[in-house]
Amino acid sequence: MTQTKTNSNLVAIITMCFIFAMISFVTNMGAPFGNIWGFKYDFAASWGNLMNFTAYLFMGIPSGMLLKKIGYKKTALAALVVGTIGLALQYLSSIYGEDIRVNEVNGTVVALNLYIYLLGALVCGFCVCMLNTVVNPMLNMLGGGGNKGNQLIQVGGTLNSLTATLTPLLAGVLVGTVTENTSMSDVSPLLFIGMGVFIVSFIIISQVTIPEPDFGDSGSLSESIKGALRFRHLILGVIAIFFYVGIEIGIPMHLNFYVTNFQGGFEGSAALGGTLAASYWFMMLIGRFSSTFISGKVSTKAQMTCVSTVAIILLLIAIFLPESVTSTLSGHAIPTKVFFIAACGLCTSIMWGGIFNLAVEGLGKYTEAASGIFMTMVIGGGLMPTLQSSIAKGVGYIGSYWLIVAMVAYILFFSVIGSKNVNKDIPVE
């Protein structure tokens, strides 16, 4: 009986890690696709990313409730169907609507295909929100919570970072240099890969057994949410996750924009920008892989405090290092500061799992509601990079990283002080 349960848990862990990988594959299409749309509509570079994360605002809490109503497996299957539709809509924008005028924005005629793409990005956002709601509490539960739970989340995060590395890299290779003739049709292979992965995943997950965790009865939707929000460390953690996703998306996105739009430009700039963005995700992969060995022994709080401090140092070096200090990459002289920005991936690598782990510790029957609340605030991945883009228009891409510094500083505060559970008197059984 014990052996059967162990095998079942192993299959569930592998399945959840596989889903974790798909989340970033779809999410990270936003930045390279933004380069394509941004060339034609300078105001729309971050719109797809914004739509993708806006979906979390509307789907976060409903996703948490879906776990209670239909279970983890059916929620994951529903998400895969939604994701396939979202990617299909984005592909449709490459073959339809380019000649259909819809309106004008800032004096620029906007065609229907942009709105089809944005609808697809929104639908994909619904998908990854649902998948995130399934994956995080499931891996935390399968790991037994605490440091072990965080360790398992980092294992899934390693695969997440692997696909996150591949997406901008593949997009950069497919696009090369962004020109007025570049369109979504150039990256359609990436969309077909995504749809294929979702379909295969649906088949696999429908055939495996996923244990349905029982965190206890937390009452109605309103009672669950109210109960979860009674915990101070959860509220502070929700704010931290809002900022974190803005950091995770904003760093490589604006690194990509900075290189792609570098003064004077150079041939293959989109590919080089995609490579550097991919290097950020590769650093995250290394960090998460390393954390799988560390997290079982070193506390989440200690890890979070360390990486937050180092991230601030790296960003300050990048901001103040003169642009005239250059290094050669692929035969091009580029500012050395970009490598310090990319290195931040080592630090952000454990933040998602670390924040989630610290914020839901001790919540018991309110864990599912807390997971839904968390997913709602992932909209920070759309709002904060958009704010950063607005700041960049005034002070430049590098100057916009002061926003990232401020957000990392808050995460440092949460790690050191805000993550303490001061509400242990609340019943959670």
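Tabulate in residue order the Karplus-calculated ³J(HN,Hα) for the stretch 34-45, using 6.51 cos²θ - 1.76 cosθ + 1.60 with θ = phi - 60°, rounded to whole Hz; enter x for Gly and Pro.
Whole-Hz 3J(HN,Hα) from phi for the stretch 34-45: x, 4, 5, 5, x, 5, 7, 10, 5, 8, 10, 4.
Under a point-charge model restricted to the Cβ atoms of Lys and Arg (+1) and Asp and Glu (-1), what is the dipole moment magnitude of the chain relative to its Cα centre, in debye to the nearest 20?
Dipole about the Cα centre, nearest 20: 1020 debye.
Let me know the shape class of the stretch 355-426, please: from the alpha-carbon gyration tensor, a ≥ b ≥ c as square roots of the eigenvalues, rounded when a/c is under 1.5, otherwise prolate if a/b is greater than b/c, or oblate. Walk me through the numbers on the way to the answer.
Values: a/c = 5.01, a/b = 2.09, b/c = 2.39.
It is oblate, given that a/c is not under 1.5 and a/b is not larger than b/c.
Rounded to two decimals, what is the ratio between the C-alpha radius of gyration of the chain and 2.2 N^0.38 Å?
It is 0.95.
Please list, in chain and number order, the residues 5+ apart from Val105 or on another chain whose amide H is under 5 Å from its amide H, with Hs placed from the backbone.
Residues meeting the amide H criterion: Val110.
For the chain, with a Gaussian network of springs between Cα atoms less than 10 Å apart, report the residue from Val173, Val307, Val238 with the top mean-square fluctuation.
Its mean-square fluctuation being the largest, the pick is Val173.
At what distance in nm do the modelled label points of Leu329 and Asn103 sit from each other, each positioned 7 Å from its Cα along Cα→Cβ?
3.8
Can you compute the helix-only [θ] at 222 nm over the chain? Use -39500 (n - 2.57) per DSSP H run of at least 4 residues, normalise by all residues, nearest 500 deg cm²/dmol.
So the helix-based figure for the chain works out to -25000 deg cm²/dmol.
Rank by packing, highest mean first: peptides 365-371, 198-204, 105-111, with packing defined as the count of other Cβ atoms within 10 Å averaged across residues.
Values: 365-371: 25.9, 198-204: 16.0, 105-111: 11.7.
Highest mean packing first, the order is 365-371, 198-204, 105-111.
For the stretch 227-358, give the percent of accessible area contributed by carbon and sulfur heavy atoms, probe 1.4 Å, rounded to a whole number.
That fraction is 69 percent.
I'd like the projected area of the stretch 272-311, averaged over all directions, using the convex hull of its alpha carbons. Report it in nm² with one decimal.
Mean orientational projected area (the stretch 272-311, Cα hull): 3.0 nm².
Using a Gaussian network model of the chain with C-alpha springs under 10 Å, which one of Lys393, Lys301, Lys68 is most mobile by mean-square fluctuation?
So, out of Lys393, Lys301, Lys68, the one fluctuating most is Lys393.
With the Cα gyration tensor of the stretch 1-102 giving a ≥ b ≥ c as the square roots of its eigenvalues, does the rule (a/c under 1.5 for rounded; else a/b larger than b/c for prolate; else oblate) give rounded, prolate or oblate?
Judged from the Cα gyration tensor, the stretch 1-102 comes out prolate (a/c at least 1.5, a/b above b/c).
Enter the accessible area per residue of the chain (Å², integer; probe 1.4 Å; all protein chains in place). Display every interim value, and only then the final one.
Numbers: 16530 Å² over 429 residues.
Per-residue accessible area for the chain comes out at 39 Å².
Show me the ranking of peptides 412-418, 165-171 by mean Cβ neighbours inside 10 Å, starting with the highest.
Details: 412-418: 18.4, 165-171: 23.9.
Ranked by mean Cβ neighbours within 10 Å, highest first: 165-171, 412-418.
Does the stretch 34-193 come out rounded, prolate or oblate by the C-alpha gyration tensor, with a ≥ b ≥ c the root eigenvalues, rounded set by a/c under 1.5 and, if not, prolate when a/b is larger than b/c and oblate if not?
Details: a/c = 2.56, a/b = 1.83, b/c = 1.40.
Taking the square roots of the gyration eigenvalues as a ≥ b ≥ c, the stretch 34-193 is prolate.
Each residue of the stretch 238-253 in turn: what ³J(HN,Hα) in whole Hz from Karplus with 6.51, -1.76, 1.60 and θ = phi - 60°, glycine and Pro shown as x?
For the stretch 238-253, the Karplus curve yields 5, 5, 5, 6, 4, 6, 4, 5, x, 5, 4, 7, x, 4, x, 4 Hz.
Longer than 25 Å from Cα to Cα, which of Lys297/Lys365; Lys74/Lys420; Lys365/Lys424 are they? Say none if no pair is.
The pairs that break the limit, which is 25 Å between Cα atoms, are Lys297/Lys365; Lys74/Lys420.
Rank Ile417, Leu346, Thr386 by how far each Cα sits towards the positive end of the charge dipole of the stretch 311-429 (+1 on Lys, Arg Cβ; -1 on Asp, Glu Cβ) and give me just the farthest.
Thr386
Quick one: among Ile355, Ile319, Ile36, which has the greatest mean-square fluctuation in a GNM of the chain with alpha-carbon springs under 10 angstrom?
So, out of Ile355, Ile319, Ile36, the one fluctuating most is Ile319.
The values are calculated or read from the model by the stated rules, or taken from the named source; none is laboratory data. Just so it is clear, the structure is predicted and the values come from calculations on it, not from any experiment. All Cβ positions, glycine included, derive from the backbone under ideal geometry; neighbour counts span all protein chains shown. Note: accessible area is taken over every heavy atom of the protein model, side chains too, but ligands, DNA and RNA are not part of it. Shrake-Rupley method; radii C 1.70, N 1.55, O 1.52, S 1.80 Å.
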